[in-house]
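Only the coordinates and a few stated rules stand behind these numbers; no lab work does. What you see is a predicted model, and the numbers here were worked out from it, not measured in a lab. FYI the Cβ positions are ideal-geometry reconstructions off the backbone, even for glycines, and counts take in every protein chain you see.
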């Protein structure tokens with residue numbers, strides 16, 4: 001959520017329970033992050049000056065995590081070897097977790113919701129994540145039930161993409177998880193989306209010589225995507 005205050009500074013707020021993390025410009029020179037809370041118990045903290053240091057340390061960890069996630073949002077690079085590794089199943093102890101496919105719509109929706117700034121503040125419970133997915137994509141609970149969500153969360157956790165927030169039953173993406181979620185969304189929104197809505201509604205002729213730079217770029221992108229699909233299919 002972006003707002004604007006009287007002094008003209010742009011404000012971004014990420015809400016979580018009784019708290020929000022505010023980001024704004026100061027004197028057009030500094031970018032500040034401030035975490036505000038009306039209920040410290042949400043973070044397992046106590047009020048009073050005697051507990052000020054614990055509050056400061058906990059809040060500093062949260063703002064650092066938020067800033068790190070934002071840095072990743074602005075620095076997304078395609079990593080095809082990573083996509084190949086994720087497509088393979090992994091075994092943790094006696095539990096085998098299936099691979100994560102880049103064309104899995106359900107996982108893409110989940111990752112987009114988990115990139116919400118509020119999850120970096122204190123993590124979201126499975127129920128909160130489900131409600132966010134259903135609301136964001138206008139789905140019925142029958143279309144994406146809680147058991148399906150928990151299955152997806154276990155799979156993400158098995159691949160090291162998600163972790164619990166401390167000892168609470170709340171979750172947020174790991175650093176690797178943020179990287180993967182951004183990569184998946186980048187791939188779908190910046191590559192698959194434009195290609196799907198372009199004038200190329202058929203398989204391009206390999207012998208065709210495009211006349212424009214734009215058309216040539218789309219042909220190259222189509223070939224690269226097909227290479228990824230073939231690699232994932234062979235995995």
- Query: When 120, 91 are ordered from fewest to most other Cβ atoms inside 10 Å of their Cβ, what list results?
  - Reply: 91, 120
- Task: Note the full-extension length gain between residue 80 and residue 25 as 0.36 nm times their separation in residues minus their Cα-Cα distance, in nm to one decimal.
- Result: 16.2 nm
- When 16, 73 are ranked with the fewest other C-beta atoms within 10 Å first, the list becomes 73, 16
- Message: Once you place label points 7 Å from the Cα toward the Cβ at residue 141 and residue 36, how far apart are they in nm?
- Response: 3.4 nm
- Task: Please give the contour-minus-distance gain from residue 126 to residue 53: 0.36 nm per residue of separation, less the Cα-Cα distance, rounded to one decimal in nm.
- Result: 23.2 nm
- Task: Using label points projected 7 Å from each Cα along Cα→Cβ, tell me how many nm separate residue 176 and residue 101, to one decimal.
- Result: 2.2 nm
- If you rank 104, 64 by fewest surrounding Cβ atoms within 10 Å, what's the result? 64, 104
- Is the shape of region 67-156 rounded, prolate or oblate, going by the alpha carbon gyration tensor and its root eigenvalues a ≥ b ≥ c, with a/c under 1.5 for rounded and a/b larger than b/c for prolate? oblate
